[in-house]
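What follows is a set of notes on a single structure, which appears directly below.
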Amino acid sequence: MLRIHFTTEDLLKTRVISSPDPMWELVLSVFRLRRRLAVARYEPWYRQVRADAARSDLLQRVRLMLMPMIPASGYFPDFLTPENRRRGGVESIIESVVGSPGSVLRGQLDLLDRGRGSAWLERLYEADLAAREDLRKLLRDYHRIALAPYWNVIRNSVEADRAIRTRALLDGGVHGLLHSYPPLMRWAPPVLHVRYAVEQTLHLNGRGLLLAPSHFGQGPANSLADPALPPVLVYPAGHDRTAAPVTVRALGRLMGGTRASILIATETATTSGELARRVGVSAATVSHHLSALRAAGLLNTLRQGELILHTRTSTGSALVNAAHTSGT
């Protein structure tokens, strides 16, 4: 259990991440690559990444370098998920990881059980320049194979969760937001109780908290081990269990004013009943059109407590924005 203590200032500074964090997704995807049977939704990704990585030595490098740093359970180094360069793009983040000071590398790698680690990890511990270059190339190659081709799916997952949190914030303020996470989290002001791998207490002390939904997150939440670093809480994003692959046939079913109205109305997370009232059709009609929009990859449907909420994917938003731009 992780107990996060808030002050009034912390509540004012608490926010939800605006887009997926590439390094958190990378680190957590390594867990999924290792534990493919845990969740069936990752099975297609697992099969494709394994096949693509097998065409080179990438899978071997992941096993020798990344997996010793990211064990099957427990601690992994904070320097793998830097917050300070997140807005600079993937290359900037990778450079921040690779350029971590030697003292940071040694201090954080000391917390790992390196008894069965690779010789490469020992060279990284000594801040060896060749080991740093190996890490740079590995992170670039892994991102290119395991993350970049799936970034739309990752982004949709995070944006759908963010839409739910936005609704909770609008309906109930920050307290409503923090109450929107059961069963993973329980908000008992001024403490947020979070399902976590170890017993830990974190005092925010006026710094606020960054809440970060993750597509590859699964099970308990994750956070940084060093309480002096900017506080972040990474948790599994809600996902659309009814999503279907996008097909030309499905896209062809989108023609019509009712579906366009529904798509426009789902800018924020919305229930079927609300959509029926806004668009002026029956619940059965809304349900039919929601199925078509989901099949075309333009809508996500997620469960939040007893509510079933619908929100646009980034593709759906792009379609609406294009229509606004062209005046149609």
For Arg3 and Val198, calculate 0.36 nm times their separation in residues minus their Cα-Cα distance, and state this gained length in nm to one decimal.
-> 69.1 nm
Size of electric dipole in the chain: Cβ of Lys, Arg +1 and of Asp, Glu -1, about Cα centre, debye, nearest 20 | 960 debye
Within the set Asn300, Asn222, Asn205, GNM on the chain using Cα springs under 10 Å gives the largest fluctuation to Asn205
Rg/Rh ratio calculated on Cα atoms of the range 134-219 (Kirkwood radius) | 1.06
In degrees rounded to 10, the 0-90 angle between helix 129-142 Cα long axis and the longest Cα principal axis of the chain is 20 degrees
When the chain is treated as a GNM, springs tying every alpha-carbon pair under 10 Å, which of Gly172, Gly99, Gly305 comes out with the largest mean-square fluctuation?
-> Gly305
Which value in Å is the Kirkwood Rh of the range 22-151 over different Cα pairs?
-> 15.1 Å
Diffusion coefficient in µm²/s returned for the range 1-95 by Stokes-Einstein, Kirkwood Rh over C-alpha pairs, 20 °C and 1.002 mPa s, is 136 µm²/s
Theoretical FRET efficiency, 1/(1+(r/R0)^6), r = Cβ-Cβ of Thr315 and Ala130, R0 56 Å, to 0.05 | 0.85
Label point distance in nm, Ala188-Ser287, each placed 7 Å from Cα along Cα→Cβ | 3.9 nm
What per residue convex hull volume, in Å³, do the alpha-carbon atoms of the chain yield?
-> 150 Å³
Highest average packing first - 139-146, 68-75, Cβ atoms within 10 Å | 139-146, 68-75
Taking the Cβ-Cβ separation of Asn152 and Arg277 as r and a Förster radius of 35 Å, what is the calculated FRET efficiency to the nearest 0.05?
-> 0.65
Please list 213-219, 52-58 highest first by mean number of surrounding beta-carbon atoms within 10 Å per residue.
-> 213-219, 52-58
Can you give the FRET efficiency for Asp110 and Arg140, using 1/(1 + (r/R0)^6), R0 = 22 Å, r = Cβ-Cβ distance, to the nearest 0.05?
-> 0.25
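No value in this document is a laboratory result; all are computed from the given coordinates. No experiment lies behind these values; they were computed from the predicted model shown. Cβ coordinates were reconstructed from backbone atoms using ideal geometry, including for glycine residues, and neighbour counts include every protein chain displayed.
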